[in-house]
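The values are calculated or read from the model by the stated rules, or taken from the named source; none is laboratory data. In this text, all values refer to a predicted model and were calculated from it rather than measured experimentally. Neighbour counts are summed over all protein chains in view; Cβ atoms, including those assigned to glycine, are modelled from backbone coordinates with ideal geometry.
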């Protein structure tokens with residue numbers, strides 16, 4: 001039922017919007033998540049989307065806007081009256097509120113901030129000050145905080161009195177100075193006698209992160225220690241907020257998508273139809289220009305072997321297969337390395353020599369197999385021993401170099417503090433192409449001229 | 001502190017194991033997660049690992065074994081006495097227990113199953129029957145289940161009495177027939193008066209999945225509706241178990257890694273040093289053989305243009321740059337399409353014509369820019385108008401075809417029920433290489449001979 005459930009909800013919203021069936025649409029929207037509605041929007045025209053937004057309650061609209069792409073966000077914000085925007089903002093959780101305000105065009109941002117209560121404004125501004133992809137940037141400042149001398153009875157009473165707090169799983173325990181000293185759970189409160197103090201039942205070793213910590217690292221910690229929320233504390237251990245598991249899940253998805261797109265030499269492009277053709281093209285041209293320049297330089301290098309090529313034109317027949325194999329092996333090795341760096345299976349330094357050596361061995365073995373196959377074919381087809389030897393040894397050395405460079409380059413980038421994922425696609429490929437062609441042509445010139 | 005925390009724990013385990021410092025090692029291990037210990041193991045020799053395993057409590061050892069790769073799992077199991085294995089199994093949660101037993105070599109599996117209580121054995125066998133990557137395969141059969149006429153007071157008493165249950169967030173409410181009719185939370189129990197029945201406070205619309213549901217879809221639903229656990233019910237709505245958010249997080253990571261590796265034409269390869277060189281090579285050779293065969297066929301096609309090549313040898317100089325640009329554009333388009341299919345942004349059918357048309361427009365625009373640049377360079381360098389025209393129009397048509405095929409092929413694979421990720425790397429690349437070369441050579445023969 002699951003796939004149908006999601007699909008049916010998205011479809012219903014889309015259909016009812018097109019038919020302008022106000023009542024049924026409002027009911028369908030109430031049952032759906034912000035993601036469902038945002039997905040339906042990708043299938044609607046601008047005017048249909050405006051109609052849909054007018055039927056969404058203020059409690060859902062803000063979240064929907066945070067889920068649609070940047071292009072739709074700006075368009076829908078510009079079409080909305082200021083008091084509706086303020087109503088949307090008022091319904092958001094503090095962390096979402098800060099994200100929402102941060103995305104607004106400059107003058108609207110001023111207006112919205114000015115309309116907030118002083119305390120709320122201060123909180124929003126503090127949250128907006130952290131980098132978008134840091135623990136501070138994704139944390140929620142709201143959580144259950146209790147003094148360590150509170151009894152279980154009083155803690156339960158406090159929970160019963162307090163309003164709605166984003167996902168309650170943990171109760172954080174602070175000392176008199178407001179420093180985080182422990183953590184406990186709702187369930188622990190119920191399992192212990194009402195007069196027990198929290199300091200007696202709390203777990204004292206709390207794993208915390210600094211607000212500057214990269215969101216990817218926060219996600220890794222949450223996954224590794226099976227935490228539903230990771231507390232964020234400053235360097236004097238004062239509690240600032242929590243990163244909840246739903247945000248962690250978003251981070252993991254986001255970073256996986258980013259890595260994938262980066263490795264293919266695309267910028268960030270989530271929105272299939274939103275970005276204009278011109279903008280999408282500009283984003284992708286970056287690495288292609290690197291490929292172009294590399295390719296032009298390579299054409300000059302091959303030009304230097306003009307004489308060899310003219311005398312043995314069949315050398316040109318095998319250029320594509322050598323390039324394709326080198327590129328394929330390089331991308332395999334680079335992808336595995338990027339993956340292992342991302343999962344923490346490999347760190348720069350320890351183990352990396354081992355890894356390169358392993359990849360080199362794999363390269364040699366694959367190179368021997370592929371080289372022998374192509375060399376055999378070349379000999380059989382063109383009956384020339386020197387040519388067969390050139391092809392075979394070119395494949396062997398290309399595959400070996402590709403496996404080694406594909407491993408080494410991401411490791412070097414990581415060591416230099418750069419993102420290893422950008423190396424994989426276009427950069428590694430054109431580099432390996434160049435090595436492959438130069439090896440092939442040089443061997444041919446040495447052995448066949 | 002975060003990165004240092006994880007790193008420090010892994011390092012401590014490693015160092016203390018090497019020094020055989022039993023006491024400190026046991027204390028360090030207690031504070032660490034199964035992932036920490038498993039990561040330390042990747043840096044240890046077999047005999048060091050065996051020493052480490054002998055210092056790990058039965059409550060942690062099973063989880064550690066489930067976290068290390070398959071190779072280490074088998075090696076460590078074979079070195080352990082049967083009664084220790086049974087002690088490990090006894091400490092695992094039911095879902096982990098079933099996974100653990102499923103991974104055992106056949107005869108050990110029989111022995112372990114025979115040693116279990118009849119009820120526990122039945123549960124394990126039921127869980128093992130579901131496919132590994134289905135909701136049934138990752139669900140935990142344990143959760144708080146309550147009758148709908150239970151009062152809040154009785155529910156709280158039941159929670160206080162019941163032993164440790166994996167992550168309690170939701171209380172599932174069933175009717176007399178045992179069908180799932182609602183869900184509520186610990187917090188709701190505290191907020192309502194003790195005599196209220198669960199049927200009055202529960203949320204009746206529970207999102208459930210069937211046990212056959214793909215784990216990726218379960219993860220999507222959990223993320224979309226911000227659920228900490230997704231209940232699994234059979235087709236008569238009887239409760240079978242829950243998939244918890246920590247398992248969802250693992251699924252998201254796993255599937256992202258799989259997609260990445262598949263797109264690079266690698267099988268599954270998590271373990272950087274565990275798999276033997278031979279096995280790693282065999283895994284990767286699959287797609288390379290496709291590349292090889294494609295490349296050989298392509299060499300025959302180019303061979304057909306021997307005359308053209310002999311008269312205009314500079315045509316060969318530009319083969320790499322044309323192939324590299326075609327390959328680059330194709331991978332970009334395919335990656336974006338695979339991403340959009342995975343996120344549900346694009347479904348086969350609706351929107352896919354729109355998407356192909358958009359990619360074609362991007363292809364034309366990029367093709368004009370890149371074609372003009374290379375054509376200009378070609379003219380300037382070799383002073384031959386026909387050659388410049390051939391290069392320019394080849395690039396334009398190659399980029400256009402690459403953008404379109406790169407989008408179309410994953411969509412067709414998805415429609416055919418295959419995995420779109422496998423298309424991207426090697427298959428799309430060699431296909432586009434072929435189209436590029438044939439276009440280039442044909443245009444050259446027509447215009448230059």
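Annotations
- Selected residue [over 18 Å from residue B:64 (Cβ atoms), part of a helix (DSSP H, G or I) and out of contact with any strand residue (DSSP E or B) (no Cβ under 8 Å at 6 or more places or on another chain)] from B:107, B:97, B:132: B:107
- All conditions in (1) more than 11 Å from chain B (Cβ to nearest Cβ); (2) touching a helix residue (DSSP H, G or I) at 6+ places or on another chain (Cβ under 7 Å); (3) free of Cβ contacts under 8 Å to residues at least 24 places away in the same chain hold for residue A:187, with the sole exception of (1).
- Residue A:83 vs. criteria touching a residue at least 12 places away in the same chain (Cβ under 8 Å) and over 23 Å from residue A:10 (Cβ atoms): no
- On the stretch given as segment A:39-60, residues that are in contact with a helix residue (DSSP H, G or I) (Cβ under 7 Å, 6 or more places away or on another chain) and either farther than 17 Å from residue B:226 by Cβ or not assigned by TED's automatic domain parsing to the domain that holds residue A:106 (or both) total 14.
- Filtered by the rule that a residue be more than 22 Å from residue B:337 (Cβ to Cβ) and either in a helix (DSSP H, G or I) or in contact (Cβ under 8 Å) with a residue 24 or more places away in the chain (or both), segment B:370-383 gives B:371, B:372, B:373, B:374, B:375, B:376, B:377, B:378, B:379, B:380, B:381, B:382.
- Test: residue in segment A:198-212 that is free of Cβ contacts under 8 Å to residues at least 24 places away in the same chain, away from every other protein chain (no Cβ under 14 Å) and surrounded by fewer than 17 Cβ atoms within 10 Å (Cβ to Cβ): yes
- Filter result for residue A:244 (touching a strand residue (DSSP E or B) at 6+ places or on another chain (Cβ under 8 Å) and either closer than 24 Å to residue B:250 by Cα or in the same structural domain as residue A:426 (by TED's automatic domain parsing) (or both)): yes
- Count - residues of segment A:416-426 that are part of a helix (DSSP H, G or I) and either over 14 Å from residue A:264 (Cβ atoms) or without any contact (Cβ under 8 Å) to a residue 60 or more places away in the chain (or both): 0
- One residue from A:112, A:142 being assigned to a helix (DSSP H, G or I) and either in contact with a helix residue (DSSP H, G or I) (Cβ under 8 Å, 6 or more places away or on another chain) or surrounded by fewer than 19 Cβ atoms within 10 Å (Cβ to Cβ) (or both): A:112
- Whichever residue in segment A:81-103 is closer than 19 Å to residue A:54 by Cα and crowded, with 18+ Cβ neighbours inside 10 Å and, among such residues, is nearest to the chain's Cα centre (by Cα): A:100
- Check on residue B:250, over 14 Å from residue B:183 (Cβ atoms), at pLDDT 80 or above, more than 7 Å from every other protein chain (Cβ to nearest Cβ) and in a helix (DSSP H, G or I): yes
- Yes/no for residue B:392 being modelled with pLDDT of 85 or more, closer than 28 Å to residue A:316 by Cβ and under 25 Å from the mean Cα position of the chain (by Cα): no
- Failed condition for residue A:121, given (1) part of a helix (DSSP H, G or I); (2) surrounded by 15 or more Cβ atoms within 10 Å (Cβ to Cβ); (3) touching a residue at least 24 places away in the same chain (Cβ under 8 Å): (3)
- Segment A:275-303: number of residues that are part of a loop (DSSP other than H, G, I, E, B) and surrounded by 17 or more Cβ atoms within 10 Å (Cβ to Cβ): 1
- Criterion: surrounded by fewer than 14 Cβ atoms within 10 Å (Cβ to Cβ), modelled with pLDDT of 85 or more and not in a strand (DSSP E or B) - qualifying residue of A:154, A:149: A:149
- Per-region count, segment A:322-333, residues facing chain B (nearest Cβ under 8 Å) and within 12 Å of residue A:409 (Cβ to Cβ): 1
- Residue A:40 vs. criteria surrounded by fewer than 22 Cβ atoms within 10 Å (Cβ to Cβ) and touching a residue at least 24 places away in the same chain (Cβ under 8 Å): no
- Subset of segment B:425-443 (residues that are at pLDDT 85 or above and farther than 18 Å from residue B:400 by Cβ): B:430
- Selection status of residue B:129, in contact with a helix residue (DSSP H, G or I) (Cβ under 8 Å, 6 or more places away or on another chain), touching a residue at least 24 places away in the same chain (Cβ under 8 Å) and not assigned by TED's automatic domain parsing to the domain that holds residue B:241: no
- The residues on offer are B:46, B:19, B:27, and the sole one that is within 29 Å of residue A:135 (Cβ to Cβ) and surrounded by fewer than 15 Cβ atoms within 10 Å (Cβ to Cβ) is B:27.
- Close pairs (6 angstrom Cβ cut-off, 6 or more residues apart or separate chains): in the same structural domain as residue A:364 (by TED's automatic domain parsing) in segment A:310-325, not in a helix (DSSP H, G or I) anywhere: A:310/B:313
- Residue match in segment A:234-241 (condition: at pLDDT below 90 and at the interface with chain B (Cβ under 10 Å from one of its Cβ atoms)): no
- Some residue of segment A:105-117 being over 28 Å from residue A:143 (Cβ atoms), within 14 Å of chain B (Cβ to nearest Cβ) and within 28 Å of the chain's Cα centre (by Cα): no
- Taking segment A:18-92 and the helices (runs of 4 or more DSSP H) fully enclosed by it, the elements with 1 or more residues that are away from chain B (no Cβ under 14 Å) are at A:22-31, A:46-54, A:58-67, A:70-79, A:82-91.
- Qualifying position, being in contact (Cβ under 8 Å) with a residue 60 or more places away in the chain, more than 11 Å from chain B (Cβ to nearest Cβ) and within 18 Å of residue A:298 (Cα to Cα), among A:445, A:429, A:404: A:445
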